[in-house]
Amino acid sequence: MQPTFQTFLLVACGGAIGSIARYGVALSAQRLSIQLPIGTFTANLIGCFLIGVISQIAVNTTMISPAVRLFLIAGFCGGFTTFSTFAFEIVGLIDGGHLLYALVYAVLSVLLGILAIYVGIWIIKAVL
């Protein structure tokens, strides 16, 4: 898809919606833990799962147009997932003297994020 004003607008609108959704997820999930950044962890796992689902639907069907794919993956999922916040929170945990929490958080986020993508792909392949 060629970059046009419309494609930039699609990404921007999707990103705005994804950011709002991420904020809501983070607020809700953070109530579960004060010490660990559960909100970001939850948003990243959901975002990874959604990218797996959306990419498989886009690749294997005609249900998602290139414009909608751009809106959902680059826009919504890009605004919803928060890798920079993830890295910043790891630094905060380390600086706060919680090296073990930082390591567990980093490793689980990456491994479970990869697993969430595969689960999303697996579910869509099973359905299609």
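The values are calculated or read from the model by the stated rules, or taken from the named source; none is laboratory data. Computed from a prediction, not measured in an experiment: that's the story for all the values here. As a convention, Cβ positions derive from the backbone with ideal geometry for all residues, glycine included, and neighbour counts pool all protein chains shown.
Quick check on the stretch 87-96: of everything there that is part of a helix (DSSP H, G or I) and not β-branched (Val, Ile, Thr), which residue is nearest to Gln56 (Cα to Cα)? Spell out the reasoning first.
Taking the stretch 87-96 and keeping what is part of a helix (DSSP H, G or I), we get 87-95.
Still in the list and also not β-branched (Val, Ile, Thr): 87-89, 92-93, 95.
Values: Ala87: 28, Phe88: 31, Glu89: 31, Gly92: 35, Leu93: 35, Asp95: 39 Å.
Among residues in the stretch 87-96 that are part of a helix (DSSP H, G or I) and not β-branched (Val, Ile, Thr), the one nearest to Gln56 (Cα to Cα) is Ala87.
The set of residues from the stretch 55-82 being part of a helix (DSSP H, G or I), without any contact (Cβ under 8 Å) to a residue 24 or more places away in the chain and β-branched (Val, Ile, Thr) comprises Val59, Val68, Ile73.
This table checks each residue for (1) at pLDDT below 95; (2) within 22 Å of Thr7 (Cβ to Cβ).
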| position | (1), (2) |
| --- | --- |
| Ala58 | yes, yes |
| Ala74 | yes, yes |
| Cys77 | yes, yes |
| Thr81 | yes, yes |
| Phe86 | yes, no |
| Leu103 | no, no |
| Leu108 | no, no |
| Ile121 | no, no |
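Among the numbered conditions (1) in contact (Cβ under 8 Å) with a residue 12 or more places away in the chain; (2) farther than 18 Å from Ser109 by Cα; (3) small (Gly, Ala, Ser); (4) surrounded by fewer than 19 Cβ atoms within 10 Å (Cβ to Cβ), the only one that Ala29 does not meet is (2). Annotation note: Cβ proximity below 7 Å between a residue of the stretch 97-121 that is farther than 30 Å from Asn60 by Cβ and a residue that is among the β-branched types (Val, Ile, Thr) and surrounded by 13 or more Cβ atoms within 10 Å (Cβ to Cβ) (sequence gap 6+ or interchain) occurs for Ala102/Ile90; Ala102/Ile94; Tyr105/Ile90; Ala106/Ile90.
When Val127, Val59, Val68, Val104 are screened for being surrounded by 13 or more Cβ atoms within 10 Å (Cβ to Cβ), farther than 21 Å from Ser19 by Cα and not acidic (Asp, Glu), only Val104 passes. Of the residues that make up the stretch 104-125, is at least one under 18 Å from Thr40 (Cα atoms) and among the charged types (D, E, K, R)? Scanning the stretch 104-125, I find no residue that is under 18 Å from Thr40 (Cα atoms) and among the charged types (D, E, K, R), so the answer is no. Could you list, in sequence order, the residues of the stretch 78-128 that are of a type in the set (Asp, Glu) and touching a Leu at 6+ places or on another chain (Cβ under 7 Å)? Scanning the stretch 78-128 gives no hits. The test for being out of contact with any Asp or Glu (no Cβ under 8 Å at 6 or more places or on another chain), within 26 Å of Ile123 (Cβ to Cβ) and not in a loop (DSSP other than H, G, I, E, B) holds for Gly52.
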